[in-house]
Amino acid sequence: MPDAIASPLQAWESFYVIVASSAGALTGLQFVVLTLIAESGAARNRPDTLSAFGSPNVVHFCAVLLIGSILSAPWPSLPNVGVAITLCGILGMIYAGIVIRRTRRVFRISASRARGYQPVFEDWLWNTILPALAYSTVFVAGMLLRYRPAGALFALGAASLTLVFIGIHNAWDTVMYITTQSWKTGPPGGGASGAPPGAAAGARPKAPGSAPAGGPEDGRALRSARPDGPE
């Protein structure tokens, strides 16, 4: 890296290497989540749901990986770094707007159903508000990187960590939702709603030595029907 721009970026080299590497590794987390979604059938015939709640997590992780790679590249001058970061922020804000539109459509369709999911403020916060703020911060930091590199790099670091935390939270939230829905619907092939796997509705274990289900009369009838043994 040229000496002219090494001083403001070199101090953050370890930070962005760690954050970008973590984001690249966490991208595999979303593939695990998508596998669980496919196995549960939670988003069957509902591509809008995946595009609103699944794909953005991969984009967030890849955005952090891209930011870390840009800041680690041997640029000839600091303004060029600012231009690249600004473009990342613009693309991120455009994508955040697309995700907001998709999320509103999915929530509107879900709310119109009799027993559809009703979104809460946390859903809007983690899926629409925080990503839009993070990408806006990336855009502003890219604009200011040439003039105030110290403050811009701190803002970029905060935005990068925010995107990583958003992806982790949303992936975990999806897994928890699939798990609770599977518990409510019960195991395939019957069973009471919300019952633990393998538990039949109304079935209770019998204590050792208890009378048959039909009562004392049925017990005496069963004993009288036994063949007599040798006297």
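The values are calculated or read from the model by the stated rules, or taken from the named source; none is laboratory data. None of the values given here were measured: they were computed from a predicted structure. Counting neighbours? That spans all protein chains shown, and the Cβs are built from the backbone with ideal geometry, glycine included. Surface areas here come from the heavy atoms of the whole protein model, side chains and all, with no ligands, DNA or RNA. Shrake-Rupley method; radii C 1.70, N 1.55, O 1.52, S 1.80 Å.
Being open to solvent by less than 90 Å² (accessible area, probe 1.4 Å), free of Cβ contacts under 8 Å to residues at least 24 places away in the same chain and polar (S, T, N, Q) is a property that does not hold for Asn127. The residues in segment 81-105 that are out of contact with any Lys or Arg (no Cβ under 8 Å at 6 or more places or on another chain), under 19 Å from Tyr16 (Cα atoms) and open to solvent by less than 60 Å² (accessible area, probe 1.4 Å) can be counted, and the count is 7. Counting only helices (runs of 4 or more DSSP H) that sit completely within segment 60-171, those holding 1 or more residues that are closer than 26 Å to Ser14 by Cβ correspond to 78-112, 130-144. Only one of the listed residues (Met176, Met143) is open to solvent by 60 Å² or more (accessible area, probe 1.4 Å) and modelled with pLDDT of 95 or more. That residue is Met143.
In summary, Ala43 fulfils each of the numbered conditions (1) modelled with pLDDT of 90 or more; (2) more than 27 Å from Arg146 (Cβ to Cβ); (3) of a type outside the set (D, E, K, R); (4) surrounded by fewer than 20 Cβ atoms within 10 Å (Cβ to Cβ) with the single exception of condition (1).
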